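The values are calculated or read from the model by the stated rules, or taken from the named source; none is laboratory data. Predicted, not measured: the structure shown is a model, and the values here were computed from it. Methodologically, a virtual Cβ is constructed for each residue, glycine included, from the backbone with ideal geometry; neighbour enumeration extends over all protein chains shown. Heavy atoms of the whole protein, side chains included, go into the accessibility calculation; ligands, DNA and RNA do not. Shrake-Rupley method; radii C 1.70, N 1.55, O 1.52, S 1.80 Å.
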Amino acid sequence: MKPWTLGLTGGIGSGKSAVAEQFVSLGVDLVDSDQAARWVVEPGRPALAAIAQHFGEQVLNPDGHLNRSALREQIFTNPAERRWLENLLHPLIAAEVAQFLANAKSPYAIMVSPLLIESGQYKLAQRVLVIDVPEHVQIERTMRRDQLSAEQVQAILAAQATREERLRHADDVLTNDRDLTWMKNEVERLHAFYLTLNGGQP
């Protein structure tokens, strides 16, 4: 039987990656759209050439790889440029993700995407799990992890779906504001529940 797809999302600093790793440790096949986004802009891929042509050579590192921080500076303050980039990359990322999901072997497969709601990728999933934390926790965690200022984190949050918007699309919510043991127990509980589902539905 073909695995059904769980869409997993959450805002920056919500702990999506830690939750995703826990599902993988339980044997669930998982594809991360951030990884797919890195694959499609590797040197030699058409997307990277298009980005360099549009934004200029300053978005490339000397070794020919994408300079993500230079590109981020170009798009976070310019919604039109961000849309241009999304229009280029989202279809390519979706194709990579779809190919992975088609080859998944576990009873259900997980598609992790920070932009699951904004990009419309949630339509590829039969069920949506939102990793949720209060905004002040997102800001504290992201400042600590990425060495960013509060203003930079606020700009990233503004570019993502609001908490309310994400929760509106959620079938399941994991509030990830406690310790690691609690989070692992929650993932195990959800995993046991997901194994009982047929096509993502009870």
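What the table below lists for this structure:
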| quantity | calculated |
| --- | --- |
| Verdict on Thr142 being under 25 Å from Ser69 (Cα atoms) and at pLDDT 90 or above | yes |
| When residues of region 125-136 are limited to those that are part of a loop (DSSP other than H, G, I, E, B) and open to solvent by less than 70 Å² (accessible area, probe 1.4 Å), the one nearest to Asn87 (Cα to Cα) | Ala125 |
| Verdict on Arg163 being touching a strand residue (DSSP E or B) at 6+ places or on another chain (Cβ under 8 Å), of a type in the set (Lys, Arg), surrounded by 16 or more Cβ atoms within 10 Å (Cβ to Cβ) and in contact (Cβ under 8 Å) with a residue 60 or more places away in the chain | yes |
| Selection within region 188-202 - farther than 12 Å from Pro107 by Cβ and in contact (Cβ under 8 Å) with a residue 60 or more places away in the chain | Glu188, Leu190, Gln201 |
| Filtered residues of region 85-141 (kept if acidic (Asp, Glu) and under 24 Å from Val153 (Cα atoms)) | Glu86, Glu118, Asp132, Glu135, Glu140 |
| Subset tally (residues that are in contact with a Leu (Cβ under 7 Å, 6 or more places away or on another chain) and open to solvent by 40 Å² or more (accessible area, probe 1.4 Å)) for region 102-124 | 2 |
| Subset of region 6-53 (residues that are hydroxyl-bearing (Ser, Thr, Tyr) and either over 16 Å from the mean Cα position of the chain (by Cα) or buried (at least 21 other Cβ atoms within 10 Å of the Cβ) (or both)) | Thr9, Ser14, Ser25, Ser33 |
| Any hit, region 26-41, residues being without any contact (Cβ under 8 Å) to a residue 40 or more places away in the chain, over 30 Å from Glu186 (Cα atoms) and in the same structural domain as Glu86 (by the TED database) | no |
| Inter-residue pairs, beta-carbon under 9 Å, first farther than 14 Å from Arg38 by Cβ and among the aromatic types (Phe, Trp, Tyr) and in region 56-85, second assigned to a helix (DSSP H, G or I) and modelled with pLDDT of 95 or more, 6+ apart | Trp84/His54 |
| Residue match in region 73-87 (condition: within 19 Å of the chain's Cα centre (by Cα), exposed (fewer than 11 other Cβ atoms within 10 Å of the Cβ) and not small (Gly, Ala, Ser)) | yes |
